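The block underneath contains the structure these notes are about, expressed in structure tokens.
Laboratory data are not the source of any read-out in this text; all were calculated from the coordinates shown. This structure is a prediction, so every number in the text was calculated from the model and none was measured. Cβ placement follows ideal geometry from the backbone for every residue including glycine, while neighbour counts extend to all protein chains displayed.
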Amino acid sequence: MKERKAIYPGTFDPFTNGHLSVVRRATQIFDSVIVAILRNAGKSPLFSIEERIWMIKESVKGLDGVEVDSFDGLLVDYARQKGSTVIIRGLRAMSDFEYEFQLALMNRKLDRGIQTIFLVTDFKWFYTSSSIVKEAASFGGDVSDLVPPAVNQKLLERFGRKKS
């Protein structure tokens, strides 16, 4: 039987509990899940690729079948290279759907053999985003309940915590 392998792509800057929720559920459906960090020259991430790989690896410890990698270029090319025919996209609020749907359609146009599956994050993470986490942390906010411990550690190293 062929291994069921999925790619979960994103910038993950930083990786949140919402992302972790999607990875956990994806591992219940697929034999292996590759969390693939997009190297996007058009963005100025807070954390380097190496830092994000470390944070995600620490966050998914104990989950079987999860690999962490990075890529640049077209996602469908990367998926083919990895032997995957499935892309996982996480959804929070309905507002995510239109953009994610457009990406899925473009990927489908580029390679009809690669399917996109949408997984909705757990309810408690609906309003958690990497951008909001970064902004709150930059002002000294406690985001420890929104991100895995390794990510919180890196955010504290980067921003510290301001006294109230």
Selection from the range 1-59 of residues of a type in the set (S, T, N, Q), within 19 Å of Ala104 (Cα to Cα) and in contact with a helix residue (DSSP H, G or I) (Cβ under 9 Å, 6 or more places away or on another chain) yields Thr11
Select from the range 40-67 the residues that are in a helix (DSSP H, G or I) and surrounded by fewer than 19 Cβ atoms within 10 Å (Cβ to Cβ) and list them in ascending order. Ile49, Glu50, Glu51, Ile53, Trp54, Lys57, Glu58
Among the residues of the range 104-123, how many are touching a residue at least 24 places away in the same chain (Cβ under 8 Å) and assigned to a helix (DSSP H, G or I)? 2
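Could you tell me which of the residues Gly140, Gly90 is outside any helix (DSSP H, G or I) and either charged (D, E, K, R) or free of Cβ contacts under 8 Å to residues at least 60 places away in the same chain (or both)?
Result: Gly140 is the single residue among Gly140, Gly90 that is outside any helix (DSSP H, G or I) and either charged (D, E, K, R) or free of Cβ contacts under 8 Å to residues at least 60 places away in the same chain (or both).
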Against the definition (surrounded by 15 or more Cβ atoms within 10 Å (Cβ to Cβ), in a helix (DSSP H, G or I) and hydroxyl-bearing (Ser, Thr, Tyr)), how does Tyr78 come out, yes or no? yes
Test for Ile37: is it touching a Phe, Trp or Tyr at 6+ places or on another chain (Cβ under 7 Å), in a strand (DSSP E or B) and touching a residue at least 60 places away in the same chain (Cβ under 8 Å): no
Since Glu100 meets every condition but one in (1) surrounded by 12 or more Cβ atoms within 10 Å (Cβ to Cβ); (2) of a type outside the set (A, V, I, L, M, F, W, C); (3) in contact (Cβ under 8 Å) with a residue 24 or more places away in the chain; (4) not in a strand (DSSP E or B), which condition does it not meet? (3)
Qualifying residues in the range 1-34 (those that are part of a loop (DSSP other than H, G, I, E, B) and in contact with a strand residue (DSSP E or B) (Cβ under 7 Å, 6 or more places away or on another chain)) - the one surrounded by the fewest Cβ atoms within 10 Å (Cβ to Cβ): Glu3
